[in-house]
Each structure stands twice: as structure tokens, then as C-alpha cells.
1. Check the straight Cα-Cα distances from LYS400 and name the aspartates and glutamates below 19 Å, setting aside those fewer than 8 residues away within the same chain.
2. Expressed as a whole number of Å, what is the distance separating the alpha-carbon centroids of segment 11-69 and segment 244-260?
3. Please label the shape of segment 173-405 as rounded, prolate or oblate, based on the square roots a ≥ b ≥ c of the eigenvalues of the alpha-carbon gyration tensor (a/c under 1.5 means rounded; beyond that, a/b larger than b/c means prolate, else oblate).
4. Work out the charge dipole of the chain with +1 on the Cβ of Lys and Arg and -1 on the Cβ of Asp and Glu about the Cα centre, then indicate which of VAL202, LEU375, PRO238 is farthest towards its positive end.
5. Return the calculated 222 nm mean residue ellipticity for the chain, to the nearest 500 deg cm²/dmol, obtained by summing -39500 (n - 2.57) across DSSP H runs with n ≥ 4 and dividing by the residue count.
6. Roughly how many percent of the accessible protein surface of the chain is carbon and sulfur, given a 1.4 Å probe and a whole-percent answer?
7. Taking 0.36 nm per intervening residue step and subtracting the Cα-Cα distance, what contour gain separates LYS298 from LEU46 on full extension?
8. For the pairs LYS44/LYS108; LYS96/LYS166; LYS22/LYS296, flag any whose C-alpha to C-alpha distance is greater than 28 Å.
Amino acid sequence: MVFENVTNTLDKASKVMNLSDKEKSHMLSFARVSHTTIEVDGEKFLAWRIVHNDALGPGKGGIRYHPNVCEDEVKSLSFWMSIKNSLAGLPYGGAKGGVKIDPKHMPKEKLEKVSRSFIRAFHQVLGQDIDVPAPDVYTDPQTMGWMLDEFEKIKGRHEPGFITGKPIVLGGIALREDSTAKGGYIMFREIVSALNKKDVTVAIQGFGNAGYFFASMAHKHRSNVVAVSDSKGAIYNPNGLDINEVKKTKDEKGNVGFCKGDKVSQISNEQLLELDVDFLILAALENQITKKNADKIKAKNIIELANGPIASDADDILYNKGIFVLPDVLANAGGVVGSYLEWVQNKTGMIFEDDYLAERLEKIMKKNFHLVLNLHKEKKVNMRVAAYTIAIQRILLAEKARGRV
Ligand code: NAD
């Protein structure tokens, strides 16, 4: 169960902060849990929109389409959004949505109907100052475009700030497309420069929005990306993969595993996780490293671009092995920082220059990285516990200022 990871890490952070039982149970309660069944063309799909905490501002978090979506997962993801948004200093609470669906085997027309139905079901609990969705696994700018259109049709007014990650023509920003990977890449560079090492090897699990853009940035700046994977398989080249070729193969044939070339070999996803590399980038789904395989991990540094890819029972094992883990709530915050900049633009009606937005992202990511790193060193706790500590303190400060706890 993913929520166990939340409670276990909260327990550890509670000790650092000396949280009272009341404060702890407040952090484990949810501001709003909305759940429905969507019916499209005679088929039924379970759907959720959950706000974990709204002390700092409106709920903010993506909508996931995946066959494994369940309440436990959406709750965990919304909790992580509260932590991530607070840590990044954004004026947002944490939220997440999901539809239990297999989008890979569904025509576009049906996906549009599902997306519009989602909005018809939840529009009363959504809005630019209530709860602001965005893309997540298997949802994209097109999904956001359909959702915006349905929302504005119901409300009878324009409200582009109701959703982020939209197509640019509807008020989206160019930065948002790769801001998750960019944010992670900014922190990757900070670690590499501290390592004082010229060449580093990188393995990447997941070749979607987060994984592909990270691979492409690393490749462009001459890091050695030796392995990548998707849900169907993985490829490895000790001399480094040509990421442009891998992307071409993925687009044309559907899977990275079809990529051929001198020294390119097919490996399993498990083997990818266990490669002896400088950096392992986790950019797929939850619970990829657990106590079952944590002992076999040889990477020296791990960056969690995905949400919750390391189970809490594996965290201590990796820490004791001396592996440096950059936790999800810090490493993938570039996505929500990009969303925030899009939302600010929508709400103010101002149009910001791309360079300004990129500079803002870089500043926020670097500042947060060093904030967490300093506490990690000072308290001798892992980076995740340090990140939770900073984030929870800010949420509880807002709760106290409101007189709620
Ligand atoms: P995506 O749908 O674009 O890509 C997911 C990728 O993971 C695909 O390549 C898929 O084939 C692969 N995959 C799925 N199961 C796998 C497995 N078992 N082994 C290897 N690969 C597997 O999704 P995304 O937007 O890139 O999101 C990936 C992760 O990053 C998720 O955990 C998401 O919550 C997180 N994230 C994404 C964003 C964002 O802006 N896209 C922001 C923050 C966090």
C-alpha cells in the first residue's frame, strides 16, 4: 500500500520536529475526498479528486489515468503534493485526481468523453481559487484542453487558471512541457558539480514526459545515458545511448526496446534498476525500489522524478548503503513550479518572457535544494525526512495562523 510510505516518513519527520499527536493526526486528515463513477459509452470508470490540505491555498495537483488508480494511491499523491507545494514555497495546498482506466487501449474520442465527464462530475470542487488540476501519468495538454473547454462551458465564463499544463494557445506556457525534467536536471547539475566529476553515467526508468526530457537534457550536455526503459522493456549501451534515436524508435514503434545499434542490448527493468551507475533516475511509477531489491541497488545517487518510486522500507537500506536519494517532493517540483508560473500568468493576464520563467524555475529549484541539503546535514537525516520537516512546519504554521490546530 502506497499510503504506508506516507505514514512511515511522517513518523520519522515527526520525531525531528517533535510533533504532537494532534498535529500528526491533522497532517493525516484530508480536506476533501470526492469520488464518483463516470459512465462513457456504457462503460463505467471509478474517478477521484482529493484535496489533502488547503491551509496554504487552493488544492494543486495532477490527474492520472491508469488501470491501477485507487483511493489509496490518489490520497498518497495528494499528500505528496501538499509537501511538495509547501516545500517549494508556493501558495497552494495539495490535491490529486485519478481515473481507473487503461488509456493506452482507448480511442481519442473516448478519452475526450472521459475527460469531459470527469469535469462534469467534479466541477463544483474545482476552480482557480479552489482546486487546480494539471497533467500526470497518461494525461497531457490535450486532456487539459478538453477539460478547460468543458469547465468554461459549464461556468459560462473564461477561467484559464482553473487548470495548468494546457496547450499554449489556451494560456499554457512553453516551459511547462518539460519543467518537471528541467527542475530535476537543475538539481542533478548541483550534485554533479559537488561530486567534481567530469563524466557521469545515468540510467533512466520511464521514457515519458519526465524521463524522456531528462534523458534528452542529460544527453545534450554530454552525460553518458547508458540505459533507459519504458513499461515494455529496457535497453543498455555501456558507451551511452543516442537519445534522439531512442526517441525516434519509441515514437515510430511504440517501445524503446525496439532500439537497435552497435553495443545496444535488451535488458529487463529489474536489471536497469540494479546497474552500477552514478545516477539512477526513477521516472515511472510508485514502489519500484522496495526492501526486496534495495540491497541490490548499486547506483551512487538516485533522483526520484516519479512520485513515490522508493518505498519507505527501502529508504533506510539505501541511506545505510551511502546512496544519496533526491526525494520526489524536491526533485520533481519543477512541474508544479512551472504550473504556478502558468497560473500566475492566467490570473494576472500578464505574459511573461520565456527567459524570465526559466530563470524563476532555476532560482526556486536551487534554493530549495540547498535548503533541504543543509537540514539533511545538520540533523543527519535523509533528504526525504529533511524535506518533509521543512514542508510540514510551513503547513502547520499556516494552520495555526488560521486557528485550526
Ligand atoms: P508519462 O505517462 O509521460 O510516462 C510514464 C513512463 O513510464 C512511460 O514511458 C511508461 O512506459 C513508463 N513506465 C510505466 N511503467 C513502467 C515500469 N514498470 N517500468 C519502466 N517504465 C514504466 O508520465 P510522466 O508525466 O512522465 O510521469 C512519470 C512520473 O513522474 C509519475 O510518477 C508522475 O506522477 C511523476 N511526475 C510527473 C510530472 C509531470 O509534469 N509530467 C510532474 C511531477 C511528477
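1. Hits, sequence-local ones excluded: ASP21, GLU23, ASP54.
2. Segment 244-260 and segment 11-69 have Cα centres spaced 36 Å from each other.
3. Details: a/c = 1.92, a/b = 1.29, b/c = 1.49.
The shape class here is oblate.
4. LEU375
5. Values: 14 runs with 187 residues, N = 405.
It comes out at -14500 deg cm²/dmol, rounded to the nearest 500.
6. In the chain, the share of accessible area belonging to carbon and sulfur is 50 percent.
7. Values: separation 252, 0.36 × 252 = 90.72 nm, distance 3.90 nm.
Full extension of this stretch gives 86.8 nm more.
8. Values: LYS44/LYS108 17 Å; LYS96/LYS166 17 Å; LYS22/LYS296 39 Å.
Table pairs above 28 Å Cα-Cα are LYS22/LYS296.
The values are calculated or read from the model by the stated rules, or taken from the named source; none is laboratory data. Just so we're clear, the structure is a prediction, and the values are computed from it rather than from any experiment. No Cβ is skipped: glycine too gets one built from the backbone with ideal geometry, and neighbour counts run over all protein chains shown. Ligands, DNA and RNA are stripped out before the accessible areas are found, and what is left, the full protein with its side chains, is counted by its heavy atoms. Shrake-Rupley method; radii C 1.70, N 1.55, O 1.52, S 1.80 Å.
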